[in-house]
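Accompanying notes for the structure given below.
The values are calculated or read from the model by the stated rules, or taken from the named source; none is laboratory data. The structure presented is a predicted model; accordingly, all values stated were derived computationally and were not measured. Every residue, glycine as well, gets a Cβ built from its backbone with ideal geometry; the counts of neighbours run over all protein chains shown. All accessible areas refer to the heavy atoms of the entire protein, side chains included, with ligands and DNA or RNA removed. Shrake-Rupley method; radii C 1.70, N 1.55, O 1.52, S 1.80 Å.
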Amino acid sequence: MKSLIVATIVLICSFFGYSQELSVSGTVTDIEGVPVEFATIVVYDAEEETVLKGTSTDDKGFFIVNTLAADTYIIKISFIGYTSFDQKIVLTGDLDLKTIQLAEDTEHLDEVNIIVKKPTLERQADRLVFNVENTALIEGNMLQVLKNTPSVLVIGDVITVKNSNPTVYINNRKVHLSPSDLTQLLEGSSANAIKSIEVITNPSSRYDAESGVVLNIVMSKNIATGYRGSIYSNYTQAVFPRYNIGTSHFLKKKNVSFNVNYNYAKNKINREGDDTVNFLNNMNEVEESWRSLTDRNTWTETHNLNANVDYFINDNNTLSVSTNSLLVPYFKYKINNNTIISDNNGDFLERFTANNLIRDTKYNLGFDLDYNHDFRKGRLGVNAHYTTYNYERSQSVESQFFDTNDVFQNRSAFNTDANQDTQIIAAKADYSLPIGEHANIETGVKFSVIHTESDLSQFDVDINTGVETLDLLNSDAFDYDERIYAGYLNYAYSDNKFDVNVGLRVEQTDLDGMSPLTNISNSQNYLELFPNASLQYNISDGYNVYANYKRSITRPSYADLNPFRFFLNDNYVVSGNPNLVPTFLDHYVIGTTLFDMFTFEAYYQNLDGAISEIPRQNNDINEIEYISVNFDKTVEYGFDFILNYGVSKRWSLYAVTSFYNFNEEADFGQGFVSQSQWSNYSALQNDFTFLKDDSLNASLAITYISRDLQGFQLVEGRVFSELSISKTILNKKGIISLSASDLFNMQDPESSVRYQNQFSTGLSDNDTRYVKLGFRYKFGNTKLDTNARDINLEERDRLNQKDN
């Protein structure tokens, strides 16, 4: 590993170079000669396709753009209320444009000129790019944009892309939060600055090996000086009302830019369940049926703060400090359960109730320090990261038992205290170098260190006296240390005919987990290679063929490795598994696109040791346990048919249907089990624009999933639907929005388990039907784009807690 790091550093250093740097300057005034301050200066390439440099005028109207090579460029100068100035320039030396006069644009002098467009799709060899800049979709929050992104499905707190859990990035920087925390962050973050969503199904080796599929949220690039801000609020009516309020502010001066986003949310969410476990005898015949009717309510108050400061040392060097913080000072989770026990004929035997009250507090604070240096040809980026995470939970459970005549017999109670403290330190360096006009090479190194300490204490409570007695069998502690060292090399080439991307990532993982009270330990050390390759051949403007391959890894979450047994009642327990090992995925894709509208794709993926949380019933003691396990083999293959079509200037349509087979194989100690299921995924999305000024927009998305297999559970077909409407008001500075979800009330999952000695069914009535009303008001120079970013670190992903 030392040799790998040294070799990579030598390679980076060998790329450094120097050449002549030229500049273009000038002074911007109005027709009366008055200097125009804060005018935007943008330098494009000769084809006007790529933004190369940007700045703004000072209080004297002066500007200068440095570090330009001898070449041909397009320079654009603009300011609100004036017609823009465009000119082609040929640099052979430093160029002074002298005085540029801007004329007033009387048509748009008193308003913000926003051109509303329809979302567009772009298919590349390794990704699908969903362009949403200046569309109606960005008037909501980031989560709403993801819900409307083709091939992305959001179910509760879980984001999926074709049965895979993607890693979410913002501007190629990973967001590492638990699924519930990530949902809160995205739902509380304004989408106004989003340029596009990249669904990267074959990420390059630059991404962590755990990034099998990546959702990269690309933000618009800021180039102008000034201030912009917004305030927004949402009211959601579901089973119970929910509230959300937030504000965003961005300020850029000549050498410094500052961005801050704050969001507060107060929610109460309901979930009801109807679950039946059929406990079996030695002949695998039903002996008793336990039907549990459960009502769950969750109260939360969350604060999200994202802030960053960029200091532009000069045109080539930038220093950034940022933080992404989540604080949950109030979390209450109340479960009321009534379990009815019947014999094999359905006759009532007895029942019990369990009332479970859980209270949590937690914080997740992440901090980043970034340094970027632009060479004449190439860029070096260095990042240092620190996360501190603390979680505390208290639980009280009381059960009451009734006999065959439904007469009260007795009751029991227990309390639980659980804590987790995690520290993460990470650092990485990335270097990219253009090679000629069409190629680029990237290399880099990374290391991370994670240390977490957890403890759980369960107490039996004397009903009469209230005295607590420590239950040693169900109390434990867990210490976990993980170190990952990584290096990569990636090559990309793109021209009119070919798009090629090949790379290799190497990761060394060392981890130690220890439970001192039970003396359970887990040590793993492994060095793995993760190659990736993608090739696209463009036969003509509207016709291409492509092929992808990638190997990736999924490491167990810290909570999954924790051996604690967390009881929700006397017979329902959520357990960790310290014996889990990583999952390795090999993913193959071939496809073709015709007329820029039709795409046909075939794929195959093999998961070695897939990790899944499944219910396992113990027929000897009548207990149901939710535990994460490794499957021996999981294979998925299928075919996708995609249509992207602009029906008219005001109506765009996206449709996809996918037929796929999912096969799972495992040995639970009673012989080999194999299950297979063909399923269908179909989605239809329509985007509309109304009124002459394009100020009224609507989006309707409907997704159908037929019966499918998930962790040896068969889940019946569901229909997901969402309607969104937005209208700009107040001279286009205000946006009012209205959305409705689960229009057909067909989104609730119904599942069944039947193999060997496992026999259970479940129905979950989730709080997915709602109507949401929102309002956002923009002020300041609303044409600015922000430097907003989110702290992203792979290791933060696995901080999630196990809740059911």
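Among the residues of the stretch 777-790, is there at least one that is open to solvent by 20 Å² or more (accessible area, probe 1.4 Å), closer than 21 Å to residue 234 by Cα, at pLDDT 50 or above and hydroxyl-bearing (Ser, Thr, Tyr)? Scanning the stretch 777-790 turns up at least one residue that is open to solvent by 20 Å² or more (accessible area, probe 1.4 Å), closer than 21 Å to residue 234 by Cα, at pLDDT 50 or above and hydroxyl-bearing (Ser, Thr, Tyr).
Hey, which of the strands (runs of 3 or more DSSP E) in the stretch 706-760, taking only ones fully inside, have at least 2 residues that are surrounded by fewer than 19 Cβ atoms within 10 Å (Cβ to Cβ), among the β-branched types (Val, Ile, Thr) and modelled with pLDDT of 90 or more? Spell out how you get there, then give the answer.
Values: elements: 708-710, 713-715, 718-729, 734-741, 750-755.
By residue number, 718-729.
Checking the stated criteria, residue 125 turns out not to satisfy the condition of being out of contact with any helix residue (DSSP H, G or I) (no Cβ under 8 Å at 6 or more places or on another chain), open to solvent by less than 40 Å² (accessible area, probe 1.4 Å) and modelled with pLDDT under 65. Applying the criterion of being open to solvent by 70 Å² or more (accessible area, probe 1.4 Å) and in a strand (DSSP E or B) to the residues of the stretch 462-492, the residue that is nearest to residue 575 (Cα to Cα) is 470. For first residues located in the stretch 80-101 and on the phi > 0 side of the Ramachandran plot, partners that are assigned to a loop (DSSP other than H, G, I, E, B) and hydrophobic (A, V, I, L, M, F, W, C) and lie 6+ apart or on another chain with Cβ distances below 9 Å form the pairs 81/109. Taken together, 323, 318, 361 contain a single residue that is closer than 30 Å to residue 175 by Cα, open to solvent by 40 Å² or more (accessible area, probe 1.4 Å) and among the β-branched types (Val, Ile, Thr), which is 361. Candidates in the stretch 263-289 are the residues that are under 30 Å from residue 769 (Cβ atoms) and among the β-branched types (Val, Ile, Thr); of these, the one that is most open to solvent (accessible area, probe 1.4 Å) is 269. Here residue 675 fulfils each of the conditions (1) closer than 30 Å to residue 737 by Cα; (2) touching a strand residue (DSSP E or B) at 6+ places or on another chain (Cβ under 6 Å) apart from (1).
Tell me, yes or no, whether the stretch 168-177 has at least one residue that is modelled with pLDDT of 80 or more, over 23 Å from residue 585 (Cα atoms) and not in a loop (DSSP other than H, G, I, E, B). Walk me through it before giving the result.
Narrowing the stretch 168-177 to residues modelled with pLDDT of 80 or more: 168-169.
Going one step further and asking which of them are over 23 Å from residue 585 (Cα atoms), we end up with none.
Looking through the stretch 168-177, none of the residues is modelled with pLDDT of 80 or more, over 23 Å from residue 585 (Cα atoms) and not in a loop (DSSP other than H, G, I, E, B).
Residues in the stretch 636-688 that are at positive phi and open to solvent by 60 Å² or more (accessible area, probe 1.4 Å): 669 alone. Could you check the stretch 401-421 and list, in sequence order, the residues that are more than 17 Å from residue 476 (Cα to Cα) and either charged (D, E, K, R) or open to solvent by less than 60 Å² (accessible area, probe 1.4 Å) (or both)? Listed by number, the residues that qualify are 401, 402, 403, 406, 411, 412, 413. Can you confirm whether residue 260 is modelled with pLDDT under 85, touching a strand residue (DSSP E or B) at 6+ places or on another chain (Cβ under 8 Å) and surrounded by fewer than 22 Cβ atoms within 10 Å (Cβ to Cβ)? No; evaluated as a whole, the condition is false for this residue.
When the stretch 539-555 is examined, which residues are found to be in a strand (DSSP E or B) and not aromatic (Phe, Trp, Tyr)? Please lay out each step first, then the result.
The first filter runs over the stretch 539-555 and keeps only residues in a strand (DSSP E or B), leaving 539-540, 543-554.
Hits for the stretch 539-555 are 539, 540, 544, 545, 547, 548, 550, 551, 552, 553, 554.
Restricted to the stretch 505-528, and to residues there that are of a type in the set (Val, Ile, Thr) and part of a strand (DSSP E or B), the residue that is nearest to residue 564 (Cα to Cα) is 520. The set of residues from the stretch 588-606 being open to solvent by 40 Å² or more (accessible area, probe 1.4 Å) and either among the basic types (Lys, Arg) or part of a strand (DSSP E or B) (or both) comprises 588, 590, 594, 598, 600, 604. Looking only at the stretch 297-315, filter to residues that are of a type in the set (D, E, K, R) and open to solvent by 20 Å² or more (accessible area, probe 1.4 Å); which one of those is nearest to residue 389 (Cα to Cα)? That would be 301.
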